[in-house]
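A.B. asks: This is the structure I have questions about; it appears just below.
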Amino acid sequence: CGPGRHSLELARRGHVVTGIDRTASYIVEARDRASQAGLDLDLRVGDVRALSETTSYDAAISIYSSIGYFDDVKERSFLAKVYGCIRDPGVFVLDTVGKEIVISGFKEQNTEEISEGLVLEENRKAAPDWSWIENRWTLTCGDVFKAGTWRTRLYSGPEISAALQDVGFASVELFGDWLGSEYDDQARRLIVIARK
């Protein structure tokens, strides 16, 4: 759930919310924000793949490309775990960037000055079949720099739809943005609504 922006808004609207993130500092920040707002949420440091399927939810939400970091078997395991934790009827909302969107605007290299003296250099390499992209980011400020590399699996609309149906979801709808636009060559995001 990161620092809780969406989790807190859902709680403000009266929903019972469980927020999970692997990064402890994000959960600490989310708890601080919840406390300041007088909101009661279940915020946990952890891996969603470790959730017990005896716990069930009306919905699961994964926002801003929080998928694609596992190998294929573990990714399917993650989707199956989400399916198992959602009550019937229930819904899984997934927001990511679709393979089609990445291919159409792909740049191998990009450099930008984020703030005075702080420069971000991004280098990307796509697999020949576009199943993943390897990303290397380097932040430089004067003589000091930090770099990190990671791989992200890419899903086309049909691929993520098939993967969700394979783990049991009865219907999958694809949209090109949060306003419900069609997922086509003008799409900005891949918004997926999967229902049991």
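A.B. asks: From D40, D32, which residue is part of a loop (DSSP other than H, G, I, E, B), open to solvent by 50 Å² or more (accessible area, probe 1.4 Å), more than 21 Å from D95 (Cβ to Cβ) and among the acidic types (D, E)? Walk me through it before giving the result.
C.D. replies: Details: D32 fails: part of a loop (DSSP other than H, G, I, E, B).
Result: D40 is the single residue among D40, D32 that is part of a loop (DSSP other than H, G, I, E, B), open to solvent by 50 Å² or more (accessible area, probe 1.4 Å), more than 21 Å from D95 (Cβ to Cβ) and among the acidic types (D, E).
A.B. asks: Do you know which residues across the range 95-125 are surrounded by 15 or more Cβ atoms within 10 Å (Cβ to Cβ), in contact with an Asp or Glu (Cβ under 8 Å, 6 or more places away or on another chain) and assigned to a strand (DSSP E or B)?
C.D. replies: Applying the first criterion (surrounded by 15 or more Cβ atoms within 10 Å (Cβ to Cβ)) to the range 95-125 yields 95-102, 119, 121, 123-124.
Going one step further and asking which of them are in contact with an Asp or Glu (Cβ under 8 Å, 6 or more places away or on another chain), we end up with 99-100, 119, 123-124.
V119, N123, R124 - these are the residues of the range 95-125 that are surrounded by 15 or more Cβ atoms within 10 Å (Cβ to Cβ), in contact with an Asp or Glu (Cβ under 8 Å, 6 or more places away or on another chain) and assigned to a strand (DSSP E or B).
A.B. asks: Further, regarding this structure: If I ask for residues that are over 16 Å from S25 (Cα atoms) and either modelled with pLDDT under 80 or in contact with a Lys or Arg (Cβ under 9 Å, 6 or more places away or on another chain) (or both), which ones from the range 35-56 would you list? Write out each step before concluding.
C.D. replies: At the first step, the residues of the range 35-56 found to be over 16 Å from S25 (Cα atoms) are 36-41, 48-56.
Listed by number, the residues that qualify are A37, L39, L41, V48, R49, A50, L51, S52, E53, T54, T55, S56.
A.B. asks: Picking from Q165, Q186, which residue would you name as being of a type outside the set (A, V, I, L, M), open to solvent by 30 Å² or more (accessible area, probe 1.4 Å), at pLDDT 95 or above and closer than 27 Å to A60 by Cα? Please lay out each step first, then the result.
C.D. replies: Numbers: Q186 fails: at pLDDT 95 or above.
None of the other options fit; the residue is Q165.
The values are calculated or read from the model by the stated rules, or taken from the named source; none is laboratory data. Worth saying up front: this structure is predicted, and the values here are computed from it rather than measured. When we count neighbours, we look across all protein chains shown, and the Cβ atoms used for this are built from the backbone with ideal geometry, even at glycine. The protein model used for the area step is the full one, side chains on, heavy atoms only, and it has no ligands, DNA or RNA in it. Shrake-Rupley method; radii C 1.70, N 1.55, O 1.52, S 1.80 Å.
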